[in-house]
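J.: Below is one structure. I have some questions about it.
The values are calculated or read from the model by the stated rules, or taken from the named source; none is laboratory data. All values derive from a computational prediction rather than experimental measurement. Neighbour counts are summed over all protein chains in view; Cβ atoms, including those assigned to glycine, are modelled from backbone coordinates with ideal geometry.
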Amino acid sequence: MSTRLASGGRLVDQGQPINFSFNGNTLKGYAGDTLASALLANDQMLVGRSFKYHRPRGIVASGVEEPNALVNLGSGGTFEPNQRATTTELFDGLQATSQNHWPSLEFDVGAINAKLARFMPAGFYYKMFIHPRPLWKHVYEPFIRQAAGLGKAPKVRDEDTYEHFYAFCDVLVVGGGMAGLTAAKSAAASGAQVLVFEQTAHWGGRAPVDGGIVDGTPVDKVVDKLVSELSDMPNVTMRLRTMGAGVYDHGYVLGYEQLRDHAPKAQGPRHRLWRIRAGHVITATGALERPLSFAGNDIPGVMLASAVRDYVVNYGVSPGDRTVVVTNNDDAYRTALAIKHAGLSVPVILDARVPETDSPLMTAAKDAGIRVLMGHGVAKVLGGKRVTGVAVCAQAGEGAILEEIECDTVAMSGGWSPVVHLWSHCGGKLSWDNDFAMFRPDVDKAPTGQDGSGFVSAAGAANGHFGLSEVLSDAHASGGTAAKATGHAKSRRKAPKAESVDEAPMAPVWLMPQGAGVTLRGKAWLDYQNDVKVSDVQLAAQEGFESVEHAKRYTTLGMATDQGKLSNINGLAILSDALDQPIPQTGTTTFRPPYTPISMGAIGGEARGEVFQPVRRTAMYDWHEANGADWEPVGQWRRPLAYVQPGENLHDAVMRETKNVRENLGLLDASTLGKIIVKGPDAGRFLDMLYTNMMSTLKPGKCRYGLMCGENGFLIDDGVVARIDEDTFLCHTTTGGAEHIHGHMEEWLQTEWWDWKVYVANVTEQYAQIAVVGPKARAALEALGGMDVSQEELGFMEWADGSIGGFDVRVYRISFSGELSYEIAVKASEGQAFWDALMAVGAAHDVMPYGTEALHILRAEKGFIMIGDETDGTVIPQDLGLHWALSKKKEDYLGKRAHLRTHMADPTRWKLVGLETTDGSVLPDGAYAVAEGTNDNGQRNVQGRVTSTYHSPNLDKGIAMGLILNGPDRMGEVLEFPGTDGKTHSARIVSPVFYDPEGEKQNV
Amino acid sequence: MLILTCPCCGQTGEESEFHGGGEAHLKRFGPGSSDADFEGYMFMRENPKGVHFERWRHAYGCGKWFHAARCTMTLEVFGTYPAQTTEPPKELRDKISKKRPGWSWGAFS
């Protein structure tokens, strides 16, 4: 069993007990513990279940690479799933629950999958869930959804806050171990601004556990000294609990700081996302130990050798009384010695190598009385929910059992892999190192910055240097390189010197024993979280998934939340072996940021709730709000959909407003419509290119409706253009179009017709614009007094400047409703006052404000198109019967050439018509008109679709517009529109102009 | 996230300050052009592994369009220049030739 040792633990304070709970049981830990070390101290080795077979899973590692110990943390508004116990610092009151089991961790029904493992090999889901097709939706998908995911999704809103933090530095050092600190010191000594990140709560990395002597001082004391020196330097910033998450183009780096995950009662944001521009990045990210692939290596109690050492030395926790060490390298001997030193038993070290002479570490182990078996390995691990022993075999054989040894922990080491993730994120290349059987950064192929030179250096173990003395000299040199790259003179300081320890070379061991048969291979795990075994990767290769990227996706190797930190190298070694090719030829899968998962909250930062994005408000926003506005977002604007009065619902309000405009007087806040000034001697010529119809012939004082197409011929915007004077036009755009149409104009002016004398300015927000609409509009304006607004003085499609009710106004006689209509612009600052004046004078004329829904119904009654309803980026003016707006006189305009393309000129393009249901009901929006027969997918053929559909209170029936095959030639024909409600709606093809087809009401 | 320098206002900024606009130096073909010419102008684009010329707009700065010469593999930016031209400046082409001997892109080399 695992337990707390009576003394020891350099990171824990045994004088400070802490209570926490796991699956509802209250347990005791100490300050300084991680959740994992505290669970082990309470003999809780079993912490979860695997994804596919629901196998029991125990703690394997002591850091970020942990694949198994994922827990749900917290509750309510602080609940978070999939948190690694090994990186979760313990605090008083911490609540954790295990994941992916039912009904309990100890007894899990899903574990039946393990018994069926033989029938669930690689690609099982792809093979099983494809036929018969119809079963997918109602049987397979719900089943997979039920089974998918490890943790539970949070049910309530996250109550914590998060922030973004922008930073600049000359040199960013990621990793606060000996390599990182040494590199930082070397760079900082040259005067560079240095930022140092360490993902854990402690400086020094592995060095204090692994030991060593630097310049005559024990390495843990050297760490303390370095940290204190760096902290005193004004040009150095140090951050613990901050991970370098990703390296991006040109020195952009994301850091992830966990400010109070360890102290949830503290104030302030929980996580901080650092957005850094670094001149040079040093990745001193260390290395990760690899597991060994032997049968039963997933049974709780089988751990990484370095992790066992960490728990003993750092936390004073014994993972087990009797630990068998199995290795292919010298480093695991340190674990054996640490266990022995703690007074625990190491029955045997199984070393797969057969060295000619003993290395100093081997001698030390033997001197400590530990039995060492060279050339041996584990045939299989004995036990179910906990290791009970190992069966020993010869590594060279096929697994014949020579001896069984009782133990409750197995400490394994398959060698070390440099953490090359950050190096690789932005294109750094790797090379294969045969001596250490690992990928290491190819120093000649670093990620490059804007000037074409490398901006990342790896240092220490991350660069493939393992002995302390090599680490220090490499890190010192990296610091100097980084300083020089950012324009600082290299410091002349000498690198610190460590006493070197000779180690025997490691030997690559990808399968144990090397001749393991099919039964053993089927129990030798590569990916613990996703249940991928040696046999699965071999099957993938056999079935032709030879590319490492394909094999990964087929087997799900390395696709779990740990992203293959433990499994990737072992997996691709197995794949290479199966394909009979060298490992570098197989290559690695792509390393993508973030290095370990970061919270969604940190990514969002402050941008949530009201500050998620700015809201644009018109001058009359507060009035609308106070008068029952039901808001509709239109781009970043908020427009009233309708003004709901007490006692009515939204639909009632829309009907009332729509009727009132036709019968009396309506006011619409039209301020959001885009207003762009186009000015200059070539303004007319320019607008002739932008609009499909002729604008240069427009007389000052007049207005003209225009269409805009992109160069590819599709409609992008429409609106009324007013000619202000010979050189000046004011172009109205749609509400959503103001910014991008302004951009569109700038683009053509700057990049194609840059010699034309035209200037454009977006003045949308300078004006408040109010549409005064309805048969009583003129009477109301006349009552307010001022300029002459009679038909004679200000006719339809004319504009004039003047004064109304004491306000300076520009009045446009334009109509989007078919009624007598004045759109009146005033200075934005006077918008509310003018609105108030209109409401006051309008009282005698039955005035009502109306919103965008009434606006839509009114325009649909008139058959006016709406950009975004009748158009969707595939519609050309010809589809909408707008031929009249396509100039035949102009030689050129944007879209003209495209309209000649065969598909654009195709007579079978769907065309705009009106649609009227046979029973007066409202057609469903977006519904398709079905035709005879079915397509290749067995779906009904279609011959058109609904683009706008409303109930018209003025006509008291449903009206709609749609694009229909040969529509204008099929007037009176009845089409069928199946709805998503299961009903089929019948509608007759009619003219799209339902109301006042002669246009008499607007021109009075 | 790239770092670019706007040749119009001289500001060096983050990529988020700019807006990419696709391939540079397209020649417009309007009414009267052949189907092949129009297709080439409208749809056919260079997709090089290496030297590339592209359009950018300093959208959250001075608002001006400009061109950038960039390596799509190493992300090296060889230079930026105003959009009011039909070909990359000779100086820049010479500079690229020094770093990438034998490069060619569209009609330029």
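J.: Just a yes or no: is a residue in segment A:449-457 surrounded by fewer than 24 Cβ atoms within 10 Å (Cβ to Cβ), modelled with pLDDT of 95 or more, part of a strand (DSSP E or B) and within 36 Å of the chain's Cα centre (by Cα)?
T.: yes
J.: Also, quick follow-up: Just the residues that are touching a Gly at 6+ places or on another chain (Cβ under 6 Å), more than 21 Å from A:VAL721 (Cβ to Cβ), outside any helix (DSSP H, G or I) and within 14 Å of another protein chain (Cβ to nearest Cβ), please, taken from segment A:876-911.
T.: A:ARG897
J.: Do we have any residue at all in segment B:81-90 that's surrounded by fewer than 19 Cβ atoms within 10 Å (Cβ to Cβ), part of a helix (DSSP H, G or I), more than 9 Å from chain A (Cβ to nearest Cβ) and out of contact with any Leu (no Cβ under 9 Å at 6 or more places or on another chain)?
T.: Yes - at least one qualifying residue is present in segment B:81-90.
J.: Among the residues of segment A:693-743, which ones are of a type in the set (Ser, Thr, Tyr) and either more than 32 Å from the chain's Cα centre (by Cα) or within 14 Å of chain B (Cβ to nearest Cβ) (or both)? I'd like the intermediate steps shown before the answer.
T.: So the first thing to find is which residues in segment A:693-743 are of a type in the set (Ser, Thr, Tyr), and the list is A:696-697, A:705, A:728, A:733-735.
Once the filter is applied, which keeps residues that are of a type in the set (Ser, Thr, Tyr) and either more than 32 Å from the chain's Cα centre (by Cα) or within 14 Å of chain B (Cβ to nearest Cβ) (or both), segment A:693-743 yields A:SER696, A:THR697, A:TYR705, A:THR728, A:THR733.
J.: In addition: So which residues in segment A:78-99 are crowded, with 23+ Cβ neighbours inside 10 Å and charged (D, E, K, R), if there are any at all?
T.: Selection gives A:ARG84 alone.
J.: Being in contact with a strand residue (DSSP E or B) (Cβ under 7 Å, 6 or more places away or on another chain), surrounded by fewer than 21 Cβ atoms within 10 Å (Cβ to Cβ) and within 30 Å of A:ALA840 (Cα to Cα) narrows it down to one of A:LEU641, A:LEU650, so name that one. First the steps, then the outcome.
T.: On the way: A:LEU641 fails: surrounded by fewer than 21 Cβ atoms within 10 Å (Cβ to Cβ).
The match here is A:LEU650.
J.: Further question on the same structure: Can you pull out every residue in segment A:951-963 that is over 38 Å from the mean Cα position of the chain (by Cα) and either within 25 Å of A:GLY868 (Cα to Cα) or touching a residue at least 40 places away in the same chain (Cβ under 8 Å) (or both)? Explain how you work it out, then say what you get.
T.: As a first pass, look at segment A:951-963 and keep what is over 38 Å from the mean Cα position of the chain (by Cα): A:951-961.
Residues satisfying the conditions are A:HIS951, A:SER952, A:PRO953, A:ASN954, A:LEU955, A:LYS957, A:GLY958, A:ILE959, A:ALA960, A:MET961.
J.: I want to confirm something. Restricting to segment A:279-288 and keeping residues that are closer than 13 Å to A:PHE197 by Cα and hydrophobic (A, V, I, L, M, F, W, C), which single residue is farthest from the other protein chains (Cβ to nearest Cβ)?
T.: A:ALA284
J.: So, one more: I need the full set of residues from segment B:56-71 which are more than 7 Å from every other protein chain (Cβ to nearest Cβ) and not small (Gly, Ala, Ser), in order please.
T.: So the first thing to find is which residues in segment B:56-71 are more than 7 Å from every other protein chain (Cβ to nearest Cβ), and the list is B:56-62, B:66-71.
Matches in segment B:56-71: B:TRP56, B:ARG57, B:HIS58, B:TYR60, B:CYS62, B:PHE66, B:HIS67, B:ARG70, B:CYS71.
J.: In the set A:THR934, A:THR918, A:THR947, which member is over 23 Å from A:ILE867 (Cβ atoms), among the hydroxyl-bearing types (Ser, Thr, Tyr) and out of contact with any Ser or Thr (no Cβ under 7 Å at 6 or more places or on another chain)? Before the answer, list the steps.
T.: On the way: A:THR918 fails: out of contact with any Ser or Thr (no Cβ under 7 Å at 6 or more places or on another chain); A:THR947 fails: over 23 Å from A:ILE867 (Cβ atoms).
It is A:THR934.
J.: Can you tell me which residues in segment A:246-272 are within 14 Å of chain B (Cβ to nearest Cβ) and either under 22 Å from A:LEU181 (Cβ atoms) or not aromatic (Phe, Trp, Tyr) (or both)?
T.: Answer for segment A:246-272, where residues must be within 14 Å of chain B (Cβ to nearest Cβ) and either under 22 Å from A:LEU181 (Cβ atoms) or not aromatic (Phe, Trp, Tyr) (or both): A:GLY246, A:VAL247, A:ASP249, A:HIS250, A:GLY251, A:VAL253, A:LEU254.
J.: Can you name every one of the helices (runs of 4 or more DSSP H) wholly within segment A:583-702 that holds 3 or more residues which are of a type in the set (A, V, I, L, M)?
T.: Working: elements: A:583-586, A:600-604, A:621-626, A:650-663, A:683-690.
Passing ranges, in order: A:600-604, A:650-663, A:683-690.
J.: Identify, by number, the condition in (1) closer than 29 Å to A:GLY601 by Cβ; (2) under 33 Å from the mean Cα position of the chain (by Cα); (3) crowded, with 20+ Cβ neighbours inside 10 Å that A:GLY58 doesn't meet.
T.: Condition (1) is where A:GLY58 drops out.
J.: Quick one: in segment A:24-73, of everything that is of a type in the set (Asp, Glu) and out of contact with any Ser or Thr (no Cβ under 7 Å at 6 or more places or on another chain), which residue is nearest to A:GLN95 (Cα to Cα)? Show your work before the answer.
T.: Start the filter on segment A:24-73 by keeping residues that are of a type in the set (Asp, Glu), which leaves A:33, A:43, A:65-66.
Now narrow it down to the ones that are out of contact with any Ser or Thr (no Cβ under 7 Å at 6 or more places or on another chain): A:33, A:65.
Details: A:ASP33: 15, A:GLU65: 22 Å.
Going through the qualifying residues, I end up with A:ASP33.
J.: How many of the residues making up segment A:1-21 are in contact with a Ser or Thr (Cβ under 7 Å, 6 or more places away or on another chain) and of a type in the set (A, V, I, L, M, F, W, C)?
T.: Initial filter on segment A:1-21 (in contact with a Ser or Thr (Cβ under 7 Å, 6 or more places away or on another chain)): A:2-3, A:5, A:19.
Then drop every residue that is not of a type in the set (A, V, I, L, M, F, W, C), which leaves A:5.
The total comes to 1.
J.: Can you confirm whether B:THR74 is hydroxyl-bearing (Ser, Thr, Tyr) and either more than 8 Å from chain A (Cβ to nearest Cβ) or over 24 Å from A:ASP451 (Cα atoms) (or both)?
T.: No.
J.: Ok, one more. Scan segment B:2-50 for residues that are closer than 20 Å to B:TYR81 by Cα, more than 17 Å from the chain's Cα centre (by Cα) and facing chain A (nearest Cβ under 8 Å) and jot them down.
T.: Across segment B:2-50, the qualifying residue is only B:GLU14.
J.: Scan A:GLY914, A:GLY933 and give me the residue that is out of contact with any Leu (no Cβ under 8 Å at 6 or more places or on another chain), more than 14 Å from every other protein chain (Cβ to nearest Cβ), surrounded by fewer than 19 Cβ atoms within 10 Å (Cβ to Cβ) and in a strand (DSSP E or B).
T.: Numbers: A:GLY914 fails: surrounded by fewer than 19 Cβ atoms within 10 Å (Cβ to Cβ).
Just one listed residue meets the conditions, A:GLY933.
J.: Only one of these conditions is not met by A:ALA69: (1) crowded, with 24+ Cβ neighbours inside 10 Å; (2) within 16 Å of A:GLN529 (Cα to Cα); (3) more than 29 Å from the chain's Cα centre (by Cα). Which number is it?
T.: (3)
J.: Something else now. Residue check: is A:GLY564 part of a loop (DSSP other than H, G, I, E, B) and in contact with a Ser or Thr (Cβ under 6 Å, 6 or more places away or on another chain)?
T.: Numbers: part of a loop (DSSP other than H, G, I, E, B): yes; in contact with a Ser or Thr (Cβ under 6 Å, 6 or more places away or on another chain): no.
For A:GLY564, the condition - part of a loop (DSSP other than H, G, I, E, B) and in contact with a Ser or Thr (Cβ under 6 Å, 6 or more places away or on another chain) - is not met.
J.: Could you give me the residue pairs with C-beta distances under 6 Å whose first residue belongs to segment B:40-68 and is in contact (Cβ under 8 Å) with a residue 60 or more places away in the chain, whose second residue is surrounded by fewer than 22 Cβ atoms within 10 Å (Cβ to Cβ) and among the acidic types (Asp, Glu) wherever it lies, and which are 6+ apart or on separate chains?
T.: Qualifying pairs under 6 Å: B:GLU46/B:GLU23; B:ALA68/B:GLU54.
J.: Scan segment A:201-235 for residues that are farther than 18 Å from A:ALA284 by Cβ, in a loop (DSSP other than H, G, I, E, B), modelled with pLDDT of 95 or more and among the charged types (D, E, K, R) and report the count.
T.: Number satisfying all stated conditions: 0.
J.: Also, I was wondering about something else. Identify, from the list A:GLU752, A:GLU782, A:GLU747, A:GLU765, the residue that is among the acidic types (Asp, Glu) and touching a residue at least 24 places away in the same chain (Cβ under 8 Å). Give the derivation first.
T.: Numbers: A:GLU752 fails: touching a residue at least 24 places away in the same chain (Cβ under 8 Å); A:GLU782 fails: touching a residue at least 24 places away in the same chain (Cβ under 8 Å); A:GLU747 fails: touching a residue at least 24 places away in the same chain (Cβ under 8 Å).
Going through A:GLU752, A:GLU782, A:GLU747, A:GLU765 in turn, the sole match is A:GLU765.
J.: Among residues belonging to segment A:228-244 that are buried (at least 21 other Cβ atoms within 10 Å of the Cβ) and of a type in the set (A, V, I, L, M, F, W, C), point out the one that is nearest to the other protein chains (Cβ to nearest Cβ).
T.: A:MET243
J.: Would you mind telling me which numbered condition in (1) touching a residue at least 60 places away in the same chain (Cβ under 8 Å); (2) within 27 Å of A:SER478 (Cβ to Cβ); (3) of a type outside the set (A, V, I, L, M) A:PRO319 fails?
T.: Among (1) touching a residue at least 60 places away in the same chain (Cβ under 8 Å); (2) within 27 Å of A:SER478 (Cβ to Cβ); (3) of a type outside the set (A, V, I, L, M), the lone unmet condition for A:PRO319 is (2).
J.: Of the residues that make up segment A:183-192, is at least one assigned to a strand (DSSP E or B) and among the aliphatic types (A, V, I, L, M)?
T.: Just the residues of segment A:183-192 that are assigned to a strand (DSSP E or B), to begin with: none.
Checking segment A:183-192: not a single residue is assigned to a strand (DSSP E or B) and among the aliphatic types (A, V, I, L, M).
J.: Next up: Which residues, taken from segment A:74-104, are of a type in the set (Ser, Thr, Tyr) and in contact with a Ser or Thr (Cβ under 8 Å, 6 or more places away or on another chain)?
T.: Of the residues in segment A:74-104, the ones of a type in the set (Ser, Thr, Tyr) are A:75, A:78, A:86-88, A:97-98, A:104.
Listed by number, the residues that qualify are A:THR86, A:THR87, A:THR88.
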